[in-house]
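Worksheet: one structure, shown below.
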Amino acid sequence: MVVLVIEAVGRIGDYVQRNNGGEDLLSTFIENPNGNGKYKFVLIVVLSEKNGEYDFSHVDMEEFNRFQKYLYKKGAPNGTDATPTSKIAGDLGRTFRNRFLKWFQNYDSYDLSSEEKEDLQRMNAAISNDAEKILAGLQEKFALKGPKDNAIITLGIEKNGELQYLGDIALFKNILLRKGKDRYYIKKSQGESKGLEAACSVCKEKKDEVYGFAIPWPFHTFDKPGFIAGGFEISDSWKNTPVCFDCATRLELGKKYIEERLDFSFYGFRYLLVPKLALGGDFQDVLCILAGKDQKRKQKLSGEVRKSITSDEEEILDIVKEMKDFISNSLIFYKKEQSSYRILLLIEGVLPSRLKKLFDAKDRVDERFKVYYDLLLSDGQKEKNHLEFNFGVVRRFFPQESKNRTYDKIFLEVVNKTFVGDQIDYYLLIDFIMRRAREAFIQGYPTNIATLNGFLLLHYLNELNLLRDCKEEMKEMDEKGRLISIEDLEGLPMEQKVERFFEANKSFFTSDAKKATFLEGVLAQKLLNIQWMDKNATPFRTKLHGLKMNEALMKRLLPEIQNKLEEYGKNYYRDLESIIAQHFILAGENWKETDDELSFYFVLGMDTQKLFKNDKEDKEQIGEEA
């Protein structure tokens, strides 16, 4: 399947190459010799050219500008650079002889045509014949710079009164491109991997040479025997994904284009979006995706609001979802370590129709949770929490780091399964939702952010039919309850309020044990609110065992809560207590729900208690526990 991603990158590279004349490819090889800001000047050895013959003209000096025109690429420490452009390192004379002059003397070793080599030979003769004169001119100009500044040496060709830099001359651009191929089969720490007279895995044609290190990103690891055709022999690793030079250059271009235009942030990671055209599709669709960031910027400037499932303002998945299924997409999640990419997750074959399902499910769930956002969050909480689904909701429960542990791997697994439609462990989610809720409870913070976001996540995954282990209980989409609003509940008797709520969330309230536990949580929070109003304290919280609930505790707490309400003379909830008791009776013994499930339903009841107010409560002006 990785080959499909490589082919997609190659097609994008082919498009770039055909539309930009190869200049983008050249830029992938060029380095900036003034990257540290210290090489502020350029010494130019100028040759005059007439009818293909060269003579030394003079040494010129200019301020450093537009590094691309110098075609610099660092070479081996004891050798020459890729082109006759070099940094002056220490002694000017040594740099001139060992880097600049020697580069021309090695002309016959370069991968060039005989005509190109003859051209270099004539340049070499002109430079060698006047080497001492050139060095004297370089030293004279070099002395003009400041003591803390440095310079580079390069070649210039004067023709018809006009100075050409290396970047203007096809011969030197070709040399740089050919020398750049070394990266496709040579790794300093591992050796060489090159095949001869073999088929390219991208274009499928037999080529004189194919290379083992030309794939855009390291999808496989060459130092692990299971990943290498031929075992530990690095020289044979090209057999995994052999790539010819032409395809390697297209991959280089495609890689550069994708990294510049289709690179997005994702909750502590980054991912590359690689669109691939299926057979019979229109490449214009791919171009629409490639131009996606520009569209997002225009939307932002125009004030147009677009839905997103990530936090990246330029994320273009909402654009991709409108495409036809002639496009499939790969998402490459990575972390950048120094200059290399470490691939963490590859999601392949994501069709626009699948993305549309993800966005449609988001729309339905966000609409359903408006009532919770409006009523159950404080004004301060609303500023930071929108209670809308995006993958930040998932990240909340699987953070990058918590208590010196990282949950990156589990987070990416959930992301992967959501995109491709694999089942996700319901009990794993409940476990991590309760970890966050218990942390908040123990530290004295409101639990509703964790609880409601957890409920939001479960609703979203249930909309996509992705919850494993309770799938039989979770009903199909057409059996799910309707939306509720505040108007639906206001003025209704308690029994009808409860029925409406359970109907709206029927996929989750599939047993009497869950219903009893949830409503007991509502009642417990009512008691805590009364205690806070009377005592400015909530001593009953200690009875809740840090939200580590089980069946026995549920059954023991109910009479304790009722007794406390009677002691305060404020038991306004006998109708609610009656409903709870009925569900306890129907639930029987030996509940099948896990302790984490019971804990979740209990705290969910606590955090949604506002939905179940009665008239007496309003008259007494019983507020919430702070």
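When the alpha carbon gyration tensor of the stretch 31-178 is reduced to an equivalent ellipsoid, the three semi-axes, largest first, read 22, 17, 15 Å. Please go through the stretch 299-388 and write out the GluC sites (Glu not before Pro) that DSSP classes as loop and that have at most 16 other C-beta atoms within 10 Å. Sparse-neighbourhood loop GluC sites (Glu not before Pro): E304, E313, E322.
Take the Cβ atoms of A278 and D246, set R0 to 35 Å, and the FRET efficiency comes out at 0.90.
Working from label points 7 Å from Cα in the Cα-to-Cβ sense, the K206 to Q400 distance is 5.2 nm. Here r is the Cβ-Cβ distance between D534 and Q496 and R0 is 25 Å; the resulting FRET efficiency, rounded to 0.05, is 0.25. With the simple model of a label 7 Å out from the Cα in the direction of the Cβ, E567 to E197 spans 9.4 nm. For the pair I442 and R18 in one chain, pulling the backbone fully straight at 0.36 nm per residue adds 146.4 nm over the alpha carbon distance. If only the Cβ of Lys and Arg carry +1 and only the Cβ of Asp and Glu carry -1, the dipole of the stretch 488-626 around its Cα centre is close to 220 debye. Considering only Q525, Q338, T310, and ranking their Cα positions along the charge dipole of the chain that arises from unit charges at the beta-carbon of Lys, Arg, Asp and Glu, the one farthest toward the positive end is Q338. Taking amide H positions as modeled 1.01 Å from N, with prolines and chain starts lacking one, no residue 5 or more places away or on another chain lies under 5 Å from F398. Residues whose amide H lies under 5 Å from that of T83, counting only those 5 or more places away or on a different chain, are K73; hydrogens are built 1.01 Å from N in the peptide plane.
The slack between A143 and D595, meaning 0.36 nm per residue of separation minus the straight C-alpha distance, is 154.7 nm. Placing dummy labels 7 Å off each Cα toward the beta-carbon, the span from S340 to E62 is 3.8 nm. By the count of neighbouring beta-carbon atoms within 10 Å, fewest first, Y601, Y15, Y110 end up ordered Y110, Y15, Y601. By its C-alpha gyration tensor, with a ≥ b ≥ c as the square roots of the eigenvalues, how is the stretch 488-626 shaped: rounded for a/c under 1.5, else prolate for a/b larger than b/c, else oblate? The shape class here is oblate.
Taken one residue at a time, the phi angles of the stretch 560-573 give Karplus couplings (6.51, -1.76, 1.60, θ = phi - 60°) of 5, 5, 4, 4, 5, 4, 5, 4, 6, x, 9, 8, 8, 10 Hz. Gly and Pro are set to x. Applied to the stretch 262-271, the Karplus parametrisation 6.51 cos²θ - 1.76 cosθ + 1.60 on θ = phi - 60° returns per-residue 3J(HN,Hα) values of 10, 10, 10, 7, 8, 6, x, 10, 10, 9 Hz, with x for Gly and Pro. Amide H to amide H, with H built 1.01 Å from N, L344 comes under 5 Å of F333, Y334, K335, counting only residues 5 or more places away or on other chains.
Work out the FRET efficiency for N160 and D360 from their Cβ-Cβ distance, taking R0 = 60 Å, and round it to the nearest 0.05. Using R0 = 60 Å, I get an efficiency of 0.40. Tell me whether the stretch 333-441 comes out rounded, prolate or oblate; compute the Cα gyration tensor, take square roots of the eigenvalues as a ≥ b ≥ c, and use a/c under 1.5 as the rounded threshold. Taking the square roots of the gyration eigenvalues as a ≥ b ≥ c, the stretch 333-441 is oblate. Computed from phi, the 3J(HN,Hα) profile of the stretch 120-137 under the Karplus parametrisation 6.51, -1.76, 1.60 (θ = phi - 60°) reads 5, 4, 5, 5, 4, 4, 5, 6, 5, 5, 10, 4, 5, 5, 5, 4, 4, x Hz, with x in place of Gly and Pro. Loop-resident trypsin sites (Lys or Arg not before Pro) (DSSP state other than H, G, I, E or B) in the stretch 379-443 with no more than 14 further Cβ atoms inside 10 Å of their Cβ: K403.
Laboratory data are not the source of any read-out in this text; all were calculated from the coordinates shown. Worth saying up front: this structure is predicted, and the values here are computed from it rather than measured. Using ideal geometry, Cβ is built from the backbone for each residue, glycine included, and neighbour counts are taken over all protein chains shown.
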